[in-house]
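S.K.: If you scroll down you'll find the structure; I have some questions about it.
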Amino acid sequence: MSISYWRLKDRYYRLIGVSCEDCKSEFFPPVHVCRRCGSRKLVDRDMPRTGKIVTYTELRETLAGFEDQEPMLLCIVQLENGVKVLGQIVDTTVENLSIGDKVKAVFRKIQEHGSSGQIFYGYKFVKA
Amino acid sequence: MKTHYDVGIAGYGVYLPLYRLPTTEIARVWKGGGAGPNKEKAVASIDEDSSTMAVEAARRAMDMAEVSRLGAIFVGTESKPYAVKPTSTIVAQALGQHFVLASDMEFACKAATEAIQVIRGLVGSGMIQNGLAIGVDTAQGRPGDDLEFTTGSGAAAYVLSRSSPETLATVEAGVSYVTDTGDFWRRQNEKYPRHLSRFTGEPAYFHHVETSVKQLFEAYGLKASDFTYAVFHQPNPRFPVEVAHRLGFKAEQIKTGLLNPMIGNTYSASSPMGLAAVLDEAKPGDRVMIASFGSGAGSDAFALRVTDAIEKKRKKAVKVADLISKNTKIDYATYAKFRGKFTK
């Protein structure tokens with residue numbers, strides 16, 4: 001596992017973001033300074049695991065290492081707390097997607113480094 | 001085997017992948033037509049493995065159990081994504097549970113009931129408050145082998161806690177029986193398991209399941225008619241029906257937990273998933289028997305009593321019947337891509 005991924009695994013595994021203790025704004029990915037009020041009092045917060053599709057696209061040419069997952073569907077999801085998250089949507093086809101569809105976060109394999117390397121896990125979305 | 005404190009199920013959760021391969025597809029490719037003994041089998045997608053399915057089932061079980069801390073996480077599987085590196089630590093991380101005893105158990109299709117037996121001991125001795133036992137597999141058969149018809153994917157998870165008004169079933173008794181029997185195996189570095197064909201039946205499945213259930217009956221003064229439901233390991237649709245008949249169970253006692261015809265053999269998850277299907281509909285006071293089978297070989301048998309908490313708890317259940325009926329059919333080529341059967 002790359003060091004940067006290992007450091008961020010709670011973000012990827014559990015959708016852990018942050019909440020501002022002063023103005024209650026929530027952020028994902030986590031930030032160090034509140035983008036709304038400038039406070040540095042930020043605490044870890046589980047993001048809601050459900051939301052709706054804001055927009056989506058289909059990739060037929062992906063980055064190296066993701067070829068087996070083509071065609072790949074990417075979406076921006078607005079979670080129930082209003083936070084917008086970028087992620088893959090799986091177990092469906094582009095024909096079955098619409099803006100506004102309800103989705104939920106699931107735990108999936110993101111990528112693996114061949115048959116002998118490490119496996120990277122994280123959140124993706126499926127239609128709810 | 002009895003415990004010092006009574007142990008019960010605080011929550012259960014099942015995960016089935018979306019995709020189904022009709023066995024007519026396997027027969028079309030390899031046998032020139034026909035079908036397998038089961039209608040379809042559940043197939044994990046290209047981005048799913050035993051870790052991802054274990055996490056999904058575990059999250060559902062934890063949602064129902066409503067416990068904040070676990071003392072142990074055991075994952076029973078024979079399809080570990082890593083040969084060396086536990087699946088249980090991936091589950092622990094995904095659940096945010098770190099002060100746990102975490103380990104993977106391996107005993108072919110009975111690894112999960114083994115995990116249940118061990119967690120039962122840890123909870124029943126007072127060493128831990130709550131423990132999580134998961135059965136999960138992405139079972140693989142060699143392309144063209146008879147095993148390929150039935151090898152399916154799925155997961156079932158159980159949170160065990162000390163019996164209380166919050167536990168939905170009490171584990172009244174449990175026994176384990178093993179012998180050294182070479183019915184099915186996979187050597188180190190081999191991709192697919194091998195089996196001794198007909199050896200799978202009498203000396204393996206039937207001998208071990210019958211012996212463990214008879215031992216459960218004898219040791220605890222029970223008989224088949226004491227149970228509302230019985231669940232057996234399901235390597236195919238026929239074996240559980242036959243063994244139930246031999247042990248004196250009637251067809252209506254086993255039909256709820258018999259899932260193989262729709263999803264195949266989910267290995268470690270097979271009998272635990274059948275138990276979940278039973279808990280989806282059981283009433284307070286019902287007695288349930290579950291008997292697993294693992295090649296190599298052995299069987300764990302348990303007697304459970306459903307409690308009043310079932311009605312409240314299962315409002316949170318994602319029902320096994322719904323998971324089975326929500327599916328997308330795939331062809332053999334898609335299955336081969338998903339399960340890594342092409343060499344690139």
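S.K.: Looking at B:Gly285, B:Gly248, B:Gly221, B:Gly296, which one is at positive phi, surrounded by fewer than 24 Cβ atoms within 10 Å (Cβ to Cβ) and without any contact (Cβ under 8 Å) to a residue 12 or more places away in the chain?
M.R.: Sole residue among the options that is at positive phi, surrounded by fewer than 24 Cβ atoms within 10 Å (Cβ to Cβ) and without any contact (Cβ under 8 Å) to a residue 12 or more places away in the chain: B:Gly221.
S.K.: Have a look at A:Ile89, A:Ile53, A:Ile16 and point out the one that is buried (at least 16 other Cβ atoms within 10 Å of the Cβ), within 10 Å of chain B (Cβ to nearest Cβ) and under 18 Å from the mean Cα position of the chain (by Cα). Spell out how you get there, then give the answer.
M.R.: Numbers: A:Ile89 fails: within 10 Å of chain B (Cβ to nearest Cβ); A:Ile53 fails: within 10 Å of chain B (Cβ to nearest Cβ).
Going through A:Ile89, A:Ile53, A:Ile16 in turn, just one is buried (at least 16 other Cβ atoms within 10 Å of the Cβ), within 10 Å of chain B (Cβ to nearest Cβ) and under 18 Å from the mean Cα position of the chain (by Cα): A:Ile16.
S.K.: Condition check: in contact (Cβ under 8 Å) with a residue 40 or more places away in the chain, within 11 Å of chain B (Cβ to nearest Cβ) and more than 22 Å from B:Ala155 (Cβ to Cβ). Does A:Phe120 satisfy that?
M.R.: no
S.K.: Of all residues in region B:282-317, which are in a loop (DSSP other than H, G, I, E, B) and within 30 Å of B:Arg186 (Cα to Cα)?
M.R.: Scanning region B:282-317 gives B:Ser292, B:Phe293, B:Ser295, B:Gly296, B:Ala297.
S.K.: Does region B:318-330 hold any residues that are within 14 Å of chain A (Cβ to nearest Cβ), surrounded by fewer than 18 Cβ atoms within 10 Å (Cβ to Cβ) and part of a helix (DSSP H, G or I), and which are they?
M.R.: The one that is within 14 Å of chain A (Cβ to nearest Cβ), surrounded by fewer than 18 Cβ atoms within 10 Å (Cβ to Cβ) and part of a helix (DSSP H, G or I): B:Asp322.
Computed from the coordinates by the stated procedures, all read-outs in this text should not be read as laboratory data. Predicted model only: the values in this text are computed from it and were never measured. Heads up, the Cβs are rebuilt from the backbone with ideal geometry, glycines too, and the neighbour counts pull from every protein chain shown.
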